[in-house]
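One structure below.
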């Protein structure tokens with residue numbers, strides 16, 4: 001019997017050592033495959049990879065249909081990648097995914113963005129808030145939070161990219177930052193704003209002089225460990241609430257806003273694609289919506305209806 005559990009383990013090792021996928025992607029694969037195998041087990045489906053057919057795949061798809069389309073799409077993609085691997089390695093003769101067509105449509109949603117005044121309001125709130133104590137440690141954490149917010153807006157980095165930044169990848173003199181993004185692809189982004197660089201230098205001076213030289217991550221927590229993605233989400237929500245925002249503001253909203261505001265300044269979309277680390281221009285085009293204010297400006301100044309005026313009264 002060629003048990004799927006064994007081959008799932010082999011597949012994960014292949015993804016880790018040969019494809020060099022990120023730990024986050026590996027965790028998602030492991031969770032999704034465990035869920036799939038658990039479903040097969042408790043529902044009496046064969047666990048032999050030679051016996052898993054399109055009917056089992058369809059039944060699993062129906063069992064997760066209550067999830068959001070994005071989650072369903074990801075989970076099915078994980079299972080499909082596993083079977084593609086088994087087929088490529090000649091472990092199965094027939095890939096069940098070749099026998100079915102799965103189309104999962106995600107509803108299109110406009111990105112949640114802020115305008116420049118809202119961004120300024122949040123960042124100012126971080127500068128103005130007073131720490132609970134006047135200790136050096138409390139003040140250093142305030143500076144760290146400001147540095148995170150400034151860097152989110154200055155670069156449009158993903159929250160994981162912010163947290164994974166290593167000290168040696170940031171040149172605080174030139175502002176050059178080497179970022180490792182999805183698929184371990186590296187790109188260079190430059191921080192040009194003097195105020196942002198000043199905050200990053202001040203944070204580095206405070207944090208990495210407090211017996212924290214043993215950790216090479218740039219952003220650290222109270223335990224001298226890598227600042228977690230969840231901690232960044234928490235601090236963004238915290239300062240958004242201080243600024244008076246009722247809607248949910250996340251680090252990704254900063255990323256949306258970064259891209260949208262650059263587009264409104266007529267920056268070429270291919271440059272924005274590089275800055276965001278998108279492998280496909282199609283992904284970047286999701287940011288090409290225009291907000292209400294910009295839309296009003298375009299239609300007022302550019303719409304051809306402005307070229308003629310009718311003064312004739314409506315009622316005669």
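The values are calculated or read from the model by the stated rules, or taken from the named source; none is laboratory data. A quick note: this is a predicted structure, and the numbers were derived from the prediction, not measured. For neighbour counting, all protein chains shown are included, and Cβ atoms are generated from backbone atoms with ideal geometry for every residue, glycine included.
State whether the residues of segment 102-111 include one that is touching a residue at least 60 places away in the same chain (Cβ under 8 Å), within 17 Å of residue 241 (Cβ to Cβ) and in contact with a helix residue (DSSP H, G or I) (Cβ under 9 Å, 6 or more places away or on another chain).
The answer is no, given that none of the residues of segment 102-111 is touching a residue at least 60 places away in the same chain (Cβ under 8 Å), within 17 Å of residue 241 (Cβ to Cβ) and in contact with a helix residue (DSSP H, G or I) (Cβ under 9 Å, 6 or more places away or on another chain).
Which residue is farthest from the chain's Cα centre (by Cα), if the candidates are limited to segment 267-284 and must be without any contact (Cβ under 8 Å) to a residue 60 or more places away in the chain and surrounded by fewer than 13 Cβ atoms within 10 Å (Cβ to Cβ)?
Checked segment 267-284; the qualifying residue farthest from the chain's Cα centre (by Cα) is 268.
Quick one: would you say residue 67 is under 30 Å from residue 229 (Cα atoms) and either in contact with a strand residue (DSSP E or B) (Cβ under 8 Å, 6 or more places away or on another chain) or modelled with pLDDT of 95 or more (or both)?
no
All but one of (1) surrounded by 14 or more Cβ atoms within 10 Å (Cβ to Cβ); (2) modelled with pLDDT of 90 or more; (3) not in a helix (DSSP H, G or I) hold for residue 248; which doesn't?
Here residue 248 clears every test but (1).
Restricting attention to segment 103-118, which residues are surrounded by 10 or more Cβ atoms within 10 Å (Cβ to Cβ) and in a loop (DSSP other than H, G, I, E, B)?
Scanning segment 103-118 gives 104, 106, 110, 111, 112, 113, 114, 115.
Could you tell me whether segment 43-54 includes any residue that is over 30 Å from residue 254 (Cα atoms), in contact (Cβ under 8 Å) with a residue 60 or more places away in the chain, over 25 Å from the mean Cα position of the chain (by Cα) and not in a helix (DSSP H, G or I)?
Taking segment 43-54 as the starting set, the residues that turn out to be over 30 Å from residue 254 (Cα atoms) are 43-54.
So of that shortlist, the ones also in contact (Cβ under 8 Å) with a residue 60 or more places away in the chain come out as none.
The answer is no; no qualifying residue exists.
Determine, yes or no, whether residue 256 is in a helix (DSSP H, G or I) and closer than 18 Å to residue 142 by Cβ. Show your work before the answer.
Details: in a helix (DSSP H, G or I): yes; closer than 18 Å to residue 142 by Cβ: no.
Spelling it out, it is not the case that residue 256 is in a helix (DSSP H, G or I) and closer than 18 Å to residue 142 by Cβ.
Hey, can you tell me all the residues within segment 78-93 that are touching a residue at least 12 places away in the same chain (Cβ under 8 Å) and more than 13 Å from residue 14 (Cβ to Cβ)?
78, 79, 80, 83, 92, 93
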